[in-house]
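Working notes, beginning with the structure itself.
The values are calculated or read from the model by the stated rules, or taken from the named source; none is laboratory data. On a predicted model such as this, the values are computed, not experimentally measured, just so you know. For neighbour counting, all protein chains shown are included, and Cβ atoms are generated from backbone atoms with ideal geometry for every residue, glycine included. These accessible areas exclude ligands, DNA and RNA; they are computed on the full protein's heavy atoms, side chains included. Shrake-Rupley method; radii C 1.70, N 1.55, O 1.52, S 1.80 Å.
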Amino acid sequence: MDEKMSLTDEIKRRRTFAIISHPDAGKTTLTEKLLLYGGAIHLAGSIKSRKTARHAVSDWMEIEKQRGISVTSSVLQFDYDGCRINILDTPGHQDFSEDTYRTLMAADSAVMIIDAAKGVEAQTKKLFKVCKERGIPIFTFVNKLDRFGKAPLDLMDEIENILGIRSYPMNWPIGTDGNYLGVYDRRRDCAELFAADASHGQEERISETFAMDDASMHERVGNEAYQNLLDDITLLNEAGEGFDLAKITSGELTPMFFGSAMTNFGVKNFLEEYIRLAPPPSPRKTSVGEIDPASCDFSAFVFKIQANMNPAHRDRLAFIRICSGKFERNMQVWHERSGKAIKLKEPQQFLAQDRQIVETAYPGDIVGLFDPGVFGIGDTLTAENNKFAFADFPVFPPEKFARVSAKDTMKRKQFAKGIEELTQEGAIQLFRQAGAGTDNFVVGAVGQLQFEVLEYRLKNEYGADIILNPLPFETARYLRFPDGREVTPAALKGIDRGMFVTDRRDNPVLLVANEWALGWIRENNPDLLLKEEPF
């Protein structure tokens, strides 16, 4: 009974969330500042400050430091106010949306960052849609309040009209556009005014809290800003959405926060309110129904694989999200895909590249496991006495293709290993064309930037320069005949307009230039089944 209570208590104090946004909305910077307030780092680095050696803790890959963008998900953990926070920092660039979609599968909630000047942008809409479909709670942080931007009420309208979700501002900015002095906390009915930012965002921002009728607060913000604040509060209370925790938990209402990650304005207020409102780990769907986190039987799934996080060791890690039971170092579990029992060795938890060995972990936690090549994305791990599979991960068809081969034939082994490992990570999708040779691959990607990262990583992590030749295809379809007969190029008509390839599991795939070419294939093969993902 004591162990059951202990497990329940550990689950209640977990908060696991992914941060989503359009590129350059400040996602990695906010991650840094949450770590700063959580005590995980003592000085926040900025990915914009090229003159110093400091870079964002969560951007660990060399190409990310050079380009100033995140191209892979980082997993970060820290404790704050009795809670254990697991942050899944995701790539903002649309070319890496697959990685973000997979990461969202491991999150219990999402933090959506919106640039105060730009409002709701294209990539934000795509990522929001995935969160909405999964019904996970979404918390909105309106960032860059230190610059000129859209009016707070206009941003509220934009969220409702573009994303189709109502918002409830938890705080409200005090001051005028680009010159905000603090935030009004609606729940506590008080104002938090910030001191000048002397550290350029590298240290916690000093603030003072005032009652709304405090004359010194009135004097400090000035008559105009004070009256504007009172008017806005009245409007929000009378015409705005009411606070409803049930709607927040079901993803129907988003709590909205205003601040500036760069200058630490409103970050602490956001963190504390997020911990208070966000849900702990919840039940997950499986092949045998929902699994409760408080079940004593261990279960987890692999949502990310990353090679060469430590270039000196050439290691490979599989990241698992624990869904139920207690994780213990060196425990033996059932690996559903292989049908074998395996031991979970060298479990680690992270602050970006900094890592420590984990003895125990609980539902909601993210653990990295040493991977000798046995894990794949979406794999289920369970107790040996309670076998099942978690729901399948979504598969996203690539839209860009290229033929890739090693520039130096003496580097074929390094090239083949690199291609294989980066495919298992989910960085690219790998195909083979019959008769093209064992060292000649076709790779698929969602966007062009993935090819650039592939080329960079093969050269810098595996020592293999490559020749990359773009192919004129933008559409991929898996093929099957209803009667079960084998799908081969000879069995198909009119495929001279496309390319017949097989994926890593030998499933037949047809690459074509566009939907018109796809229609031609359908017309010539009326009994052929075509699908965006494997049958």
Open item on the list: Looking only at residues that are in a strand (DSSP E or B) and β-branched (Val, Ile, Thr) in the range 493-513, which one is most open to solvent (accessible area, probe 1.4 Å)?
Closed with: Thr502
- [ ] Residues being in contact with a Lys or Arg (Cβ under 9 Å, 6 or more places away or on another chain) and closer than 15 Å to Pro398 by Cβ: count how many of those fall in the range 454-488.
- [x] 7
Task: Glu290 vs. criteria surrounded by fewer than 19 Cβ atoms within 10 Å (Cβ to Cβ) and either out of contact with any strand residue (DSSP E or B) (no Cβ under 9 Å at 6 or more places or on another chain) or touching a residue at least 60 places away in the same chain (Cβ under 8 Å) (or both) - done: no
TODO: Quickly run through the range 213-241 and pick out the residues that are exposed (fewer than 15 other Cβ atoms within 10 Å of the Cβ) and closer than 26 Å to Leu155 by Cα.
DONE: Gly222, Asn223, Glu224, Gln227, Leu230, Asp231, Thr234, Leu235, Asn237, Glu238, Ala239
TODO: Please verify whether the range 406-421 includes one or more residues that are open to solvent by 20 Å² or more (accessible area, probe 1.4 Å), part of a helix (DSSP H, G or I), polar (S, T, N, Q) and free of Cβ contacts under 8 Å to residues at least 40 places away in the same chain.
DONE: yes
TODO: Could you list all residues from the range 128-148 that are in a loop (DSSP other than H, G, I, E, B), farther than 23 Å from Thr249 by Cβ and either open to solvent by less than 20 Å² (accessible area, probe 1.4 Å) or polar (S, T, N, Q) (or both)?
DONE: Leu145
Task: the range 514-535 - residue that is without any contact (Cβ under 8 Å) to a residue 24 or more places away in the chain and assigned to a helix (DSSP H, G or I) and, of those, least open to solvent (accessible area, probe 1.4 Å) - done: Gly519
- [ ] Among the candidates Pro279, Pro283, single out the residue that is open to solvent by less than 30 Å² (accessible area, probe 1.4 Å) and closer than 18 Å to Thr16 by Cβ.
- [x] Pro279
- [ ] Considering only the range 240-352, give the strands (runs of 3 or more DSSP E) lying wholly within it that have at least 3 residues that are of a type in the set (A, V, I, L, M).
- [x] 299-307, 316-324
Open item on the list: Looking at the range 476-488, can you tell me whether even one residue there is under 26 Å from Leu449 (Cβ atoms), surrounded by fewer than 20 Cβ atoms within 10 Å (Cβ to Cβ) and under 37 Å from the mean Cα position of the chain (by Cα)?
Closed with: yes
- [ ] Return yes when Glu204 is modelled with pLDDT under 95, closer than 26 Å to Leu36 by Cβ and in a strand (DSSP E or B) and no when it is not.
- [x] no
Open item on the list: Take the residues in the range 110-127 that are surrounded by fewer than 23 Cβ atoms within 10 Å (Cβ to Cβ) and of a type outside the set (D, E, K, R); name whichever of them is modelled with the lowest pLDDT.
Closed with: Gln123
